[in-house]
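Only one structure is covered here, and it is reproduced in the block below.
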Amino acid sequence: MANQSSSYPILCASFNQDASYFVIGTSEGFKVFDSNTGRLCYERAIGAFIIVEMLFSSSLLAIVGAGEQPSLSPRRLCLFNTKTGAALRELNFLTSILAVRMNRERLVVVLQDKTYVYDLNSVKILDTIHTVPNLKGLCGFSPSLDGCFLALPASTTKGLVLLYNVMECLSHCEIDAHRGPLAAISLSSNGMYIATASEQGTIIRVYLVSDATKSYSFRRGTYPSTIFSLSFGPSVQLPDILLATSSSGSLHVFCLGFAINQRSRKSSSILGSIIPDSVTDALDPAHHHVLHSAVTAGVKSHAVIRKVDKLADASTSGAVYCKATISIINYNGHFQEYSFSLNHQNEPSWTLDHELNLLTVVSDDTFNS
């Protein structure tokens with residue numbers, strides 16, 4: 001998630017594929033943090049970076065400079081080893097790199113009108129995807145080898161999404177998700193679901209990747225807002241939670257599992273038999289929970305759900321409730337971690353567990369991944 005604006009001290013921020021670490025790029029260099037402790041594990045002060053991506057918990061980073069010096073061109077991708085402090089490989093392109101994604105076998109490089117797919121181990125190019133102008137470098141990526149998909153905008157005038165199978169190197173389908181252009185795309189880690197938001201930002205839709213059918217339609221709010229990030233909770237099958245941050249400064253949690261229960265109740269009612277699920281889901285706020293002023297309004301943010309637990313409530317005869325750990329990187333330099341709980345009566349609670357200034361923390365130089 002790169003940001004070209006110099007108004008923020010953080011130029012880019014991303015979590016690794018399992019959210020155990022996160023990395024940031026600044027005007028001075030890049031930093032690697034442990035998500036669980038907030039510990040600064042590694043830093044390199046060699047200039048400004050607009051893309052820093054980490055491969056799981058390994059020592060491999062994909063980094064792209066901001067172009068403030070010739071050696072850090074935004075057209076050059078460097079595969080960097082934090083153990084040795086040296087470049088393993090460099091790839092040069094004719095135009096600026098807008099996004100990079102990786103799993104253990106594939107490397108994806110997004111440019112304005114082309115996206116390249118590489119074999120990560122040999123760095124051999126496997127395919128070139130010609131796209132519509134993608135000025136923001138929007139993309140979604142599921143790192144699972146069994147369901148590794150890439151999502152890219154397929155139109156500049158409406159919310160059409162191209163889904164591409166990265167392991168097989170072929171197009172999977174197109175999804176007509178919104179009337180307006182896309183602002184955010186996210187795939188679940190297992191590649192089963194894709195979430196989208198348009199530039200309007202009022203409706204967030206979720207589709208089943210296998211057959212491109214719409215599964216959920218959530219109303220974020222009535223007034224337009226820029227969606228800064230979308231993230232599914234970790235899950236082997238259906239993700240339990242979808243998370244969104246927006247320019248309003250609010251943190252939005254959509255409970256997919258609860259929506260399924262709502263549907264079963266609606267289907268037995270007269271209204272439920274007449275109104276499609278996608279419409280009633282969008283109008284029913286029961287599975288949508290909001291923490292207002294979670295971050296500074298207007299400041300770009302990137303949030304993920306690091307962990308989801310289903311726990312038994314002893315006070316209610318073993319009824320199950322949900323608890324999630326949510327981590328947020330604010331581009332003004334702050335990191336926050338919230339605990340979100342939802343009891344068996346669908347009552348939410350929020351706790352701010354940790355807050356950290358990412359720009360002032362000191363490294364302990366013990367990163368040996």
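The values are calculated or read from the model by the stated rules, or taken from the named source; none is laboratory data. Fair warning: this is a prediction, and the values are worked out from it, not measured in the lab. Here Cβ is always computed from backbone atoms with ideal geometry, including for glycine, and neighbour counts include all displayed protein chains.
In the range 344-369, which residues are of a type in the set (A, V, I, L, M, F, W, C), modelled with pLDDT of 80 or more and in contact with a Leu (Cβ under 7 Å, 6 or more places away or on another chain)?
The initial filter retains those residues of the range 344-369 that are of a type in the set (A, V, I, L, M, F, W, C), namely 350, 352, 356, 358-359, 361-362, 367.
From the residues that got through so far, the ones that are modelled with pLDDT of 80 or more too are 350, 352, 356, 358-359, 361.
Hits for the range 344-369 are Trp350, Val361.
Within the range 112-161, being of a type in the set (Lys, Arg), surrounded by 14 or more Cβ atoms within 10 Å (Cβ to Cβ) and over 18 Å from the mean Cα position of the chain (by Cα) holds for Lys114, Lys158.
A quick yes/no check of all residues on (1) hydrophobic (A, V, I, L, M, F, W, C); (2) closer than 23 Å to Leu55 by Cβ; (3) modelled with pLDDT under 95:
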site	(1), (2), (3)
Gly159	no, no, no
Ala183	yes, no, no
Ser189	no, yes, yes
Ile194	yes, yes, no
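For every residue, the table says whether it meets (1) more than 17 Å from Ser20 (Cβ to Cβ); (2) in contact with a His (Cβ under 9 Å, 6 or more places away or on another chain); (3) not in a loop (DSSP other than H, G, I, E, B); (4) not polar (S, T, N, Q).
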{"residue": "Glu43", "(1), (2), (3), (4)": "yes, no, yes, yes"}
{"residue": "Gly47", "(1), (2), (3), (4)": "yes, no, no, yes"}
{"residue": "Ile51", "(1), (2), (3), (4)": "yes, no, yes, yes"}
{"residue": "Ser58", "(1), (2), (3), (4)": "no, no, no, no"}
{"residue": "Ile63", "(1), (2), (3), (4)": "yes, no, yes, yes"}
{"residue": "Gly67", "(1), (2), (3), (4)": "yes, no, no, yes"}
{"residue": "Pro74", "(1), (2), (3), (4)": "yes, no, no, yes"}
{"residue": "Leu79", "(1), (2), (3), (4)": "yes, no, yes, yes"}
{"residue": "Lys83", "(1), (2), (3), (4)": "yes, no, no, yes"}
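For the criterion of being without any contact (Cβ under 8 Å) to a residue 40 or more places away in the chain and either surrounded by fewer than 22 Cβ atoms within 10 Å (Cβ to Cβ) or closer than 23 Å to Tyr321 by Cα (or both), Leu243 fails. In this structure, is Asn332 surrounded by 11 or more Cβ atoms within 10 Å (Cβ to Cβ), out of contact with any strand residue (DSSP E or B) (no Cβ under 7 Å at 6 or more places or on another chain) and either among the small types (Gly, Ala, Ser) or modelled with pLDDT of 90 or more (or both)? Against the criterion (surrounded by 11 or more Cβ atoms within 10 Å (Cβ to Cβ), out of contact with any strand residue (DSSP E or B) (no Cβ under 7 Å at 6 or more places or on another chain) and either among the small types (Gly, Ala, Ser) or modelled with pLDDT of 90 or more (or both)), Asn332 qualifies.
Hey, does the range 216-225 have a residue that's more than 17 Å from Cys255 (Cβ to Cβ), charged (D, E, K, R) and out of contact with any Ser or Thr (no Cβ under 6 Å at 6 or more places or on another chain)? No: zero hits. Restricted to the range 196-220, and to residues there that are in a strand (DSSP E or B) and of a type in the set (S, T, N, Q), the residue that is modelled with the lowest pLDDT is Ser215. Residues that are part of a strand (DSSP E or B) and either free of Cβ contacts under 8 Å to residues at least 12 places away in the same chain or among the basic types (Lys, Arg) (or both) within the range 1-41 comprise just one, Lys31.
Figure legend. Inter-residue proximity from the range 330-354: first residues touching a residue at least 60 places away in the same chain (Cβ under 8 Å) and more than 15 Å from Val304 (Cα to Cα), second residues assigned to a strand (DSSP E or B) and among the β-branched types (Val, Ile, Thr), beta-carbon distance below 7 Å, spacing 6+ or different chains. Indicated pairs: Gly333/Ile10.
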